[in-house]
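Take a look at the structure set out below.
The values are calculated or read from the model by the stated rules, or taken from the named source; none is laboratory data. Predicted model only: the values in this text are computed from it and were never measured. Every residue, glycine as well, gets a Cβ built from its backbone with ideal geometry; the counts of neighbours run over all protein chains shown. Protein only, heavy atoms only, side chains kept; ligands, DNA and RNA dropped before computing areas. Shrake-Rupley method; radii C 1.70, N 1.55, O 1.52, S 1.80 Å.
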Amino acid sequence: MSELPISLIVFTYLSDISAGTFIFYLLYQAFFSGNATVEKIQQRKGGIFTSIDAKVSVLSIILLGIGMLASALHLGHPFRFLNALHNPNSMITQEAYWSIGFGILLLIVTIWAFKGKKPSFALNLLTALAGLGLLTVTALAYAKPKGIPAWNQGLTPIIFIISALIMGSVVFLLLLVLQSNDTDVLKKMVFIFLGLLFIQFFVEIAYSIQLSMGTYGVELPDLLTLNISRWLIGLLAPLVVLFALFKKSLKMKTGITLIFATIIIGEGISRIIFFMNGVHL
């Protein structure tokens, strides 16, 4: 079996969380921020990091930065990353362009938030679109190789995008529940997460069916234990926690913390499975 590309797993995993978190933050700003208490908390406590805007932008830029560093280390010599920028037709180059663009916009949002100003919706929208662009290009980079049938299929972009959104949703929910006790907003956003979780169920089932229908003679590794762990931790456990939340058997903060842990671990296992299905040759 070929060596598992840890650096690529780290890059896709962290950059997806970064983009997904900011996209979910944009959703919050567009539909829920006017009804929440987080702004009142910021005004009452004072300080930079009481702002949900600053927390999201700082976390997103740190995750993206670590991911980009891991991606550069994958080349053996980090400075080869600069050489890759000279070939705009390469998916790696396009991935680098979108990463840099997303990072620059995140930096602007962060500086804006550090000045105590709320970033404009237009700026956040542009930043979220850059994050979505990075997600799309990264997904296409893995969907295009025809020699890897486990990746070369139409579900690959969907897998990456849904994974990023569901991870981003739980990261933002955790930041929000630690910031505010506005249960109305939290409940609405939990329902959005539930919708993403159901979509993730269907994506996982469709991907499993696609692999079982044939991989053009390529024998995939036996990943039964990992697949069971992924389903139990990343898909079924969050449902159990959600049921307990709706039954009011758990406090909102405890429930969201548990959901965060299960999703982050589950999606990490899913990412490992995805790469193991492609690098076993």
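Rounded, prolate or oblate, given the Cα gyration tensor of the range 132-262, with a/c below 1.5 counting as rounded?
prolate
Probe of 1.4 angstrom, ligands and nucleic acids ignored: what's the accessible area per residue over the range 96-204, in square angstrom? Spell out each step's value before the answer.
On the way: 4420 Å² over 109 residues.
Normalised by residue count, the accessible surface of the range 96-204 is 41 Å².
Quick check on packing: order 107-117, 133-143 by the mean number of other C-beta atoms within 10 Å, highest mean leading.
133-143, 107-117
Give, as a single signed number, the net charge of other residues whose beta carbon lies under 11 Å from the beta carbon of LEU194, with Lys and Arg counted +1 and Asp and Glu -1.
Values: positive: LYS187, LYS188; negative: none.
With Lys, Arg at +1 and Asp, Glu at -1, the neighbours total +2.
Give me the net charge of PHE260's neighbourhood, meaning all other residues with Cβ under 12 Å from the Cβ of PHE260; Lys, Arg count +1, Asp, Glu -1.
Every neighbour counted, the sum reads 0.
Of the heavy-atom accessible surface of the range 191-281 (probe 1.4 angstrom), what whole percent is carbon and sulfur?
72
For ILE108, what charge total do you get from the other residues with a beta carbon under 14 Å from its beta carbon, if Lys and Arg give +1 and Asp and Glu give -1?
+2
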